[in-house]
Each structure stands twice: as structure tokens, then as C-alpha cells.
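The values are calculated or read from the model by the stated rules, or taken from the named source; none is laboratory data. For clarity, every value in this text was computed on a predicted model and none was experimentally measured. Here the Cβ is made from the backbone with ideal geometry for all residues, glycine too, and neighbour counts use every protein chain on show.
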Amino acid sequence: MNYSIEQIKKEITEKINTGKDIYLMGIETSCDETSVAIVKNGREVLTNQIYSQIDIHKKFGGVVPEVASRNHLKKISYIIEEAVKESKVSFNELDGIAVTYGPGLVGALLVGLSTAKAMAFGLHKPLIGVHHIDGHISANYIEDSHLEPPFICLVASGGHSHLVYVRDYGKYEILGRTRDDAAGEAFDKIARALGLGYPGGPLIDQKAKEGNPYAIKFPRAYLEEGSYDFSFSGLKSSVLNYLNSCKMRGEKIVVEDVAASFQQSVVDVLAHKTIKAAIEKKVDRVYLAGGVASNSALREQVKKLAKKEAITAGYPSKILCTDNAAMIAAAGYYQYKKRNIADLTLNAVPNLKLA
């Protein structure tokens, strides 16, 4: 059977008109998590299988692209089988395949994308290409079943720091982005300098709870007036200079205080700009997304500042903050309803822009 876009769009329209439930499979392989999920109507997760490669990459102090790709290849077929088994939704009952096609590591992306394309062709199901950041934002629809745009979303992870005005499903205005290091990348680098290991975010969060966040005065890069961009390279340099200065003078380094003070500098900037954006755009809801959204200090600070301005603040559960396929299926659902279907020439785009 040929993969006909027009025929598939016609079938989608017929399906939507019946009012029946829509089941999408999501596939996510943009970095070092191999994940497959099946989500009902964009919000109800029936299964969200995640195979993490953290233990493999720990010894390297970060993700090695070739190793990540190889392990995706080893695991993806097995994880797909597990997802179908747990969800009790057969391949024929699926209404489409949503897959991350960028941004990310090109080799890793190609594993998930090639698998999704083969399934879409073989099953004659719609192929839906999903932007990774669109997925992170859409994780909030799973967590809050009543959430609808517009709202402000801070997407902070190892590769991204975006402040986004969510106008509608899949329609975004990027208000600010990082000019250098992403927030999660800064956490990883400082964790490495402190000898904490990888991944840095959870380890710094843990250490910071035992330290004084105001023990050391590190800079806050708010940048020029009115800017929603982020910059963490100066902060990173300041922390490294502090550590080197202590070593040269033979002074004791209190790791907990360094971790807490560094974390507070990051959190102050992220939270301040997020709430400021909501006020400017006249929206009463802000949400977090991405790996850094798991950070306990960031969650507390955003909620605290939001409460002062009568703004609702929310964030996904921690498992949905990591790279996962449920968020990709959630984002794919709204593409499906708009009939935004990809053809089989869809390719991986490692530097794909959100807007």
C-alpha cells in the first residue's frame, strides 16, 4: 500500500469526525534516552517506556554521540514491543506515529526517525514530525489535563534555555534564549568542577540543600534592560575562578555552599524573567519544562514569585521533565488534529529551530 498524504489526511478527518479516541505512539531518541510511549487523546499516558543511558555515559563525563546511537539501535525494537504489550494497544489500533526529528544528536535522531518512518509506511499510519522543545512544552498538557494556551513556558535543559510565549497548540513566540551555555550545561560543568559527577543537575540540587545559597556572591546576568535572553558563561567563569582562587590560597572549599550559591544565581535569573514575561504578555499562567524544571529551588522560586503576582505556576512530574516519548506523542496529537502530516522524506535536523 502506498503512503499517500492526501489519503491519510482524509482518513484523519473521518476519524476525528467520529469522535472516537485517538491513540498515538511517540518515539524519542534525540540524545541518550530511548523512549516509546502510547498516549490517548494527547493527555492520557497508557505507557511511557524509557531506557536511560546515564550509567553508560557517566564514565565519559557526558554523552558520547556514537555510543548513544549504538545503544538506541540495540534497544528501540524491544522498547516498542514493551510499549505495545503494556498499553494493550495493538499496532493496527494506533492512529499515528509521532517522532522527534530535531533538534538533537543527528545519529541518535536518525535511529528513532528511521524506525518511525518504517512503521508509518508498513502500517499505513500518519507520520508526525515533532520538534523536541514542542514536546517538552506539551509535557505540561499531560500533567495538567485542563491546561490550554496561552501561557508562558520556561524550557530549561542541558541543551536549551528558551523562554516561550505559547500562543496556541504548536504556535510559539520565543521571547528569549541562551546566548552561550544552556542552564543544564552550566549545571553539568560546575558539577564536574566540584567533583560531583554526571549528570550535574540532580547532584548540585542535592548538595545545595545542605549549603547556604547566599554564602558566596556570584553574579546574576540579567543582561540589558528588557531582554529575556539568558547567559550563564560569566557565572560559570566566576565559579571556576572562585574555586581556583581558593586552591591557590589554600582555603577550604565548602562544596555545599558553592553548589547552593551557584544554583541560586541561576534560579534567580530564570524565575525573574519567567514571571516578568507573564506580566508583560498579560497571561496568568507560567509553566516549566525540560530537565532543569526538576530543580527543587527553581520550582520553589517560580511558585513564590508567581504567587505575589496572582499567577498560577506549574510543571510536569520529574519523569516528564526528562526526555521521554509521552511528551512527543502529546505534541503530535495537536499536529494530528491539524493534519500536519510528514511524508517519508522527513529527515533529522540537529539544529531545528522552534520558531
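Brief remarks follow.
- Restricting segment 57-81 to residues that are among the basic types (Lys, Arg) and out of contact with any Gly (no Cβ under 7 Å at 6 or more places or on another chain), the residue that is farthest from SER114 (Cα to Cα) is LYS59.
- Neighbours by Cβ (under 7 Å, 6+ apart or cross-chain): first from segment 342-354, more than 21 Å from HIS160 (Cα to Cα); second in a loop (DSSP other than H, G, I, E, B) and at pLDDT below 95: LEU344/TYR3
- Test: residue in segment 9-31 that is over 17 Å from the mean Cα position of the chain (by Cα) and under 21 Å from LYS318 (Cβ atoms): no
- When every residue of segment 205-225 is checked against the conditions, none turns out to be under 20 Å from HIS57 (Cα atoms) and part of a loop (DSSP other than H, G, I, E, B).
Table: residues versus (1) charged (D, E, K, R); (2) in a loop (DSSP other than H, G, I, E, B); (3) modelled with pLDDT of 95 or more.
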site: LEU147; (1), (2), (3): no, yes, yes
site: CYS153; (1), (2), (3): no, no, yes
site: ARG167; (1), (2), (3): yes, no, yes
site: TYR172; (1), (2), (3): no, no, yes
site: GLY184; (1), (2), (3): no, no, no
site: ARG192; (1), (2), (3): yes, no, no
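- Segment 267-280 residues that are in the same structural domain as PRO219 (by TED's automatic domain parsing) and touching a residue at least 12 places away in the same chain (Cβ under 8 Å), paired with ones that are surrounded by fewer than 20 Cβ atoms within 10 Å (Cβ to Cβ) and charged (D, E, K, R) (beta carbon under 7 Å, 6 or more apart): ASP268/ARG220; VAL269/ARG220; ILE275/GLU309; ILE279/GLU309
- Residue ranges of helices (runs of 4 or more DSSP H) in segment 238-327 with at least 1 members under 15 Å from the mean Cα position of the chain (by Cα): 318-321
- Residues that are out of contact with any Leu (no Cβ under 9 Å at 6 or more places or on another chain) and either hydrophobic (A, V, I, L, M, F, W, C) or assigned to a loop (DSSP other than H, G, I, E, B) (or both) were ranked within segment 329-351; the one that is nearest to GLY102 (Cα to Cα) is ASN351.
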